[in-house]
1. Of all the residues that make up segment 146-181, how many are small (Gly, Ala, Ser), farther than 24 Å from Ala84 by Cα and either touching a strand residue (DSSP E or B) at 6+ places or on another chain (Cβ under 9 Å) or crowded, with 21+ Cβ neighbours inside 10 Å (or both)?
2. Can Cys195 be described as touching a Cys at 6+ places or on another chain (Cβ under 9 Å), touching a residue at least 60 places away in the same chain (Cβ under 8 Å), exposed (fewer than 14 other Cβ atoms within 10 Å of the Cβ) and part of a strand (DSSP E or B)?
3. Tell me, which residue of segment 96-154 that is in a loop (DSSP other than H, G, I, E, B), under 26 Å from Tyr229 (Cβ atoms) and not charged (D, E, K, R) is modelled with the highest pLDDT?
4. Show the residue pairs meeting these rules: Cβ distance below 6 Å; 6+ apart or different chains; first residue within segment 115-131 and closer than 28 Å to Leu349 by Cβ; second residue part of a loop (DSSP other than H, G, I, E, B) and among the hydroxyl-bearing types (Ser, Thr, Tyr).
5. Can you tell me how many residues in segment 171-183 are part of a helix (DSSP H, G or I) and either modelled with pLDDT of 90 or more or under 25 Å from Ser284 (Cα atoms) (or both)?
6. Restricting attention to segment 201-223, which residues are touching a residue at least 12 places away in the same chain (Cβ under 8 Å) and part of a loop (DSSP other than H, G, I, E, B)?
7. When you check Val163 against the structure, is it outside any helix (DSSP H, G or I) and not aromatic (Phe, Trp, Tyr), yes or no?
8. Given (1) in a helix (DSSP H, G or I); (2) at pLDDT below 80; (3) aliphatic (A, V, I, L, M); (4) closer than 21 Å to Pro110 by Cβ, where does Ile272 come up short, assuming only one miss?
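The values are calculated or read from the model by the stated rules, or taken from the named source; none is laboratory data. Since this is a predicted model, take the numbers as computed values, not measurements. Note: ideal-geometry Cβ built from the backbone for every residue, glycine included; neighbour counts use all protein chains shown.
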Amino acid sequence: MIEDELRAAFARLEESTPPVGPVRAAVDRAVISRRRRRRRVRLAGTALAVAAVALVGFTAMAPRPPAPTAAPAPPTPVPEPGGALNLLLLGVDQSVGSRRADSVLLVHLPADRSRLHLVSFPRDLLVPVPPQGGTEKLNATFSRAAGSGTDLAAGYRATRQAVARLTGVRVDAGAVLTYPGARELTDAVGGVPVCLPAPVRSVHTERRFPAGCQRLDGAAAVDLLRQRYGLRDGGLDRDRNAARYAAGLLRQLREQGTATDPAQLGRLLLRIGPAVTADTGDLSLPALVAAAGRTSAAEPVALAFPVRDEWNGRGYEPDPELAPGFLDALRADRLAQWAAEHPGQVTALR
């Protein structure tokens with residue numbers, strides 16, 4: 001008797017239950033839509049990183065949650081930001097228990113978009129530490145903020161603020177690339193040509209880089225970017241080699257037409273996406289791409305921020321004679337004139 005009543009109850013409930021097929025289909029559609037939204041967000045951040053690469057070569061950017069507007073560029077024209085633009089690009093060594101910004105590169109796009117200026121700042125440059133006062137190394141600013149975790153956004157923001165305070169210019173956007181990401185990016189574009197003025201021997205792998213121009217694969221590029229021991233000017237020479245790598249990467253991307261070929265760009269985005277994050281600041285990705293499109297294909301000018309020749313035991317200090325004039329030129333968008341007047345501060349790229 002009880003069994004008959006239970007069967008009858010189940011039969012009534014089964015009749016009122018909605019079909020399983022439509023519910024399952026709706027769930028599947030929701031899952032697919034959610035995955036697509038997540039993929040679009042990842043590609044939006046990566047697209048700026050590649051746009052920055054197309055602009056200057058070296059990218060590595062602090063993760064900030066991408067805004068919904070930072071989507072792939074629409075086919076309709078977008079207004080290009082006027083005036084000079086500055087992009088902060090950081091190369092980060094993710095050693096166990098530490099995050100160090102070994103390469104700090106400010107990419108200056110002049111208002112006339114005549115050519116790019118790659119300004120390298122020594123990682124050991126002493127910068128003020130507000131509000132407590134005193135100074136610390138620029139790469140310590142990054143590691144202090146980033147800590148030993150995986151949150152590189154805090155390290156980028158701290159470094160961006162330090163560079164803005166030092167230079168007096170607005171940092172409009174930026175990117176952070178770890179060494180594993182640099183290796184992946186280099187291999188993805190088929191290697192990067194780098195021209196060295198003197199031979200370099202790796203203290204890590206015993207690899208030898210001859211003087212002259214050569215094409216580096218990902219492993220060799222990262223090996224070179226890590227070298228400072230044995231170089232005549234130590235970390236300053238490493239900064240110069242990072243600028244040479246940036247210029248070579250830029251040439252490679254332009255020769256391949258990656259920045260203007262949607263198919264190539266899409267493949268590159270998919271390959272390096274997990275390794276690179278980027279921040280557009282207050283600008284949209286389409287606006288940055290528009291600015292990049294107007295930038296001349298002329299060889300970029302690589303400049304070293306002027307510092308005292310001597311090491312004071314704690315780090316490098318700005319050169320009291322050259323640094324003020326350099327900063328005035330940067331703020332006034334006159335770096336081309338300053339570079340012509342101070343050829344000793346220009347890094348030879350070929």
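1. So the count comes out to 4.
2. In short, no.
3. Within segment 96-154, the match that is modelled with the highest pLDDT is Pro122.
4. Arg115/Ser296
5. Residues that pass the stated criteria total 3.
6. Matches in segment 201-223: Ser202, Val203, His204, Thr205, Arg207, Pro210, Ala211, Asp217.
7. Answer is no for this residue.
8. Tallying (1) in a helix (DSSP H, G or I); (2) at pLDDT below 80; (3) aliphatic (A, V, I, L, M); (4) closer than 21 Å to Pro110 by Cβ, Ile272 fails exactly one: (4).
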